[in-house]
1. When you scan segment 144-153, how many residues do you find that are in contact (Cβ under 8 Å) with a residue 12 or more places away in the chain and surrounded by fewer than 15 Cβ atoms within 10 Å (Cβ to Cβ)?
2. Is it the case, given these coordinates, that Gly264 is surrounded by fewer than 22 Cβ atoms within 10 Å (Cβ to Cβ), in contact (Cβ under 8 Å) with a residue 12 or more places away in the chain and of a type in the set (Gly, Ala, Ser)?
3. Which residues, counting only those in segment 99-134, are free of Cβ contacts under 8 Å to residues at least 24 places away in the same chain and charged (D, E, K, R)?
4. Being in the same structural domain as Gln266 (by TED's automatic domain parsing), under 29 Å from Asn95 (Cβ atoms) and of a type in the set (Lys, Arg) is the requirement here; does Arg122 meet it?
5. Just for strands (runs of 3 or more DSSP E) wholly inside segment 219-310: which have at least 1 residues that are within 14 Å of the chain's Cα centre (by Cα)?
6. If you scan segment 211-240, which residues turn out to be in contact (Cβ under 8 Å) with a residue 40 or more places away in the chain and either farther than 25 Å from Asp76 by Cβ or surrounded by fewer than 17 Cβ atoms within 10 Å (Cβ to Cβ) (or both)?
7. Within the group Ser89, Ser111, which residue is under 30 Å from Thr151 (Cα atoms) and at pLDDT below 95?
Amino acid sequence: MKRIIFVLTAMLLLVLGCEGDYTIYDMHPPEIIEVEVPVEVPVEVPVEVIVEIPVEVPGDGGDVWIDSFEQPYTMDGIDIIWLIDRSGSMNVFTNDVILGIESMMNALPPSGWRLGIGTTSRYQTTQVSDFPLVPGDTVQDAWDTFNGLNTSGYEAGFDALIGYMDHNSYNPTWLRPDAGLLVVFVSDEEEQSSYYTQSVQQFINWYGSQRDSVFLASIVNVPGSESVCANPPHAINVGDGYIEATNYFGGIVVDICDEDWAPGVQAATAQVEPHEEWELTYTPIEDTLIVFVDFMEFTDWTYNASTNSVEFDVIPAEGSLVEIGYVIDYNTGDDDDSAGN
């Protein structure tokens, strides 16, 4: 038995059969996806062979983009944790925080959720003992919980979450291991953890092991070139660590200076539901669209041009990796320079 390992992006180009010199972009670059194909051969010991597939496609050229996501697992409810930077510079965002929480409460289903609120201080999250917001609670209840939080200059969201979940004696009474988990970080500074975790990757490894279905969202300063702040943030205040972790889990990043957090918050809430459709990052050349589920071509879908979405006639199974490849149609106005950013 030997294994032939294919590079998926090269396979994608061959399957697309498109003309041109292509640049391949993935929504989670850099990622090489290996597919193992068993092939019977007359040998007595296993041999591993790497097969490189060269792609030379003449023509006008184009860019291939791959949107991908993991289908959420079936969940018995959703536990939500908002961890909010309570340093002095965050006072200007107080109303935005409460409106964001209210938007999430309104977007959640009528039952099955619990929403806890804490700070980005590790010490405080190990001590907090407030029962979470639940269906039927109001925005005033959110205000009351928020106002009960102590102010703090600590801006270490990763350590705060680990403290909240692993080192707090009260929170295990309401956190449910069989529920999904959605965490929302809110801060106007970079992530500064160093106690429980010393790197973004270490946090990612820990967080990914907490539940079958975990989701992230971050409301933070984004890079100056993308920021809508009146005075773009200095590079040291950009939430790079939060953004990196959120992007790893396919989550939602909201510019903290955005006048309305509601669309981003509602999109974060929608993450927890099985995806019956997926809005594409760019407008595709329609006849180049191809969908893979767990590395196998999947055909039970249709493209809706009005919403620029792939709609699934058969919902991909929970836990499956869904990849949607296509050539970007720049004639619709998609900016070539933005691909891959």
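1. 4
2. The answer is yes for Gly264.
3. Hit for segment 99-134 is Asp130, nothing else.
4. yes
5. Counting at least 1 such residues, we get 252-255, 277-279.
6. Residues satisfying the conditions are Asp212, Ile219, Pro233, Ile236, Asn237, Val238, Gly239, Asp240.
7. Ser89
Results for (1) in contact with a Ser or Thr (Cβ under 8 Å, 6 or more places away or on another chain); (2) not assigned by TED's automatic domain parsing to the domain that holds Glu318, shown as yes or no for each residue.
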residue: Ser225; (1), (2): no, yes
residue: Tyr242; (1), (2): yes, yes
residue: Ala245; (1), (2): yes, yes
residue: Gly251; (1), (2): yes, yes
residue: Asp255; (1), (2): yes, yes
residue: Gly264; (1), (2): no, yes
residue: Leu280; (1), (2): yes, no
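The values are calculated or read from the model by the stated rules, or taken from the named source; none is laboratory data. Because the structure is a prediction, the values reported are computed rather than measured. Positions of Cβ are generated from backbone atoms using ideal geometry, with glycine treated the same way; all protein chains shown enter the neighbour counts.
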